[in-house]
Structures are given as C-alpha cells and as structure tokens.
Amino acid sequence: MTQKEEIIRQTALAFDFIQKLYLEVSYLIKEIEGTLQEEEEKFIIGRPAGYGISARSSTGLESNNVNLWLLKKFAVFFVPEERTKLERGQTITELSKDLKVLYLRIVLNDINIDEPTIYSGVLYNIQKKPQAKWVSKFESIMGHIEYNDDKIFKKPQEIDYEHSCNVVEEG
C-alpha cells in the first residue's frame, strides 16, 4: 500500500470513529431527554440556538484556534417545561430565583482528564450581575459557561455541591 493510500485509509477511519462517537453521545442525550419527559415534573432540553449543544468553538485558521475545530467538550441543559416557552425553534427561560436547571456537561477529551467524563447537576439560585442587563434568559448564560469553562471547571472536585461530602485524599 502506498503512503498516500494509507493516509486516505487512516483519515477515513479516524473520521468514521469520531462520527460514531458523536452519534453515541447524541443518543445518550436523547435518552436522558426522553426519561425526563416521563417524570412528574417534565423537563425539556434547552435550545439557546435551536435543538443542539452549547460549545466553545471557532472556525479561525490561526494555529491556536485549529485545536477548537473538533468538539472535545460541550453541554446541554434541561428546563422545566412549564417554565419555558418555545419560539422559532429556541427556548426562552426567564431567570428567576426559584429556577432550577438540569445541566449535563460531556468532556470527551481534555488535558485535565484521563478518560471521557460526564458531569451533571442542578443549577439553582441563578443570579445575574447587576451590570449584565442584557441577560434576561438562561439560554444566554450557556455560551458564557462554555466560553469560560477553563475558569468555571478548573477544579471540578472543588465545586461546592449542596448536600455533598468533599473527601480529600492526603498523599
């Protein structure tokens, strides 16, 4: 086999693998969505820009942006069906003190992990800073969470969880 043929074959295999991985993740998200629809308090998937995921991505050709072409981490959120409305394929979930949002973050590859990781939790007591007048709905926050993920999730084991027990192993 020539070097060119081997490159073509390896490229096809790599893209086939990634496509199958992404499909499995989408099936997982849809399975969670279906389960949440069966609960007493129905939750629907949030749609900040249509039926999709929220991710930090770029199409820039600068070398530091090329690393962002392939989605390695992304998130979806679920909101109470009764607390949101659907307009033009997007959900609008007004911020209020009693709003609870189910958050699902999928990290397929990152410098800080050894294997793919899924984080899930409930976001509540969501408050915006007074100077952020442009934020009126939760959907606006998702892009900022993803864009600032290195700050927000820098040390996920140190996130303060209600009713959790932080166990620190000493070396």
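The values are calculated or read from the model by the stated rules, or taken from the named source; none is laboratory data. These numbers were taken from a predicted model, which means no experiment stands behind them. Heads up, the Cβs are rebuilt from the backbone with ideal geometry, glycines too, and the neighbour counts pull from every protein chain shown.
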Qualifying positions in segment 104-140 - under 20 Å from residue 90 (Cβ atoms) and in contact (Cβ under 8 Å) with a residue 40 or more places away in the chain: 104, 123, 135, 136, 137, 138, 139, 140
From the list 121, 60, exactly one residue is exposed (fewer than 15 other Cβ atoms within 10 Å of the Cβ) and closer than 29 Å to residue 40 by Cβ. Which is it? 121
Just checking: which of the strands (runs of 3 or more DSSP E) contained wholly in segment 85-171 hold 1 or more residues that are over 19 Å from residue 52 (Cα atoms) and at pLDDT 85 or above? 100-107, 117-124
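Yes/no matrix, rows are residues, columns are (1) within 26 Å of residue 25 (Cβ to Cβ); (2) of a type in the set (Phe, Trp, Tyr):
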| residue | (1), (2) |
| --- | --- |
| 89 | yes, no |
| 96 | no, no |
| 105 | yes, no |
| 115 | yes, no |
| 119 | yes, yes |
| 126 | yes, no |
| 138 | yes, yes |
Quick one: count up the residues across segment 35-48 that are surrounded by 12 or more Cβ atoms within 10 Å (Cβ to Cβ) and over 13 Å from the mean Cα position of the chain (by Cα). 5
Here is a list: 92, 113, 126. Which entry is within 26 Å of residue 23 (Cα to Cα) and either in contact with a Pro (Cβ under 6 Å, 6 or more places away or on another chain) or of a type outside the set (Ser, Thr, Tyr) (or both)? 113
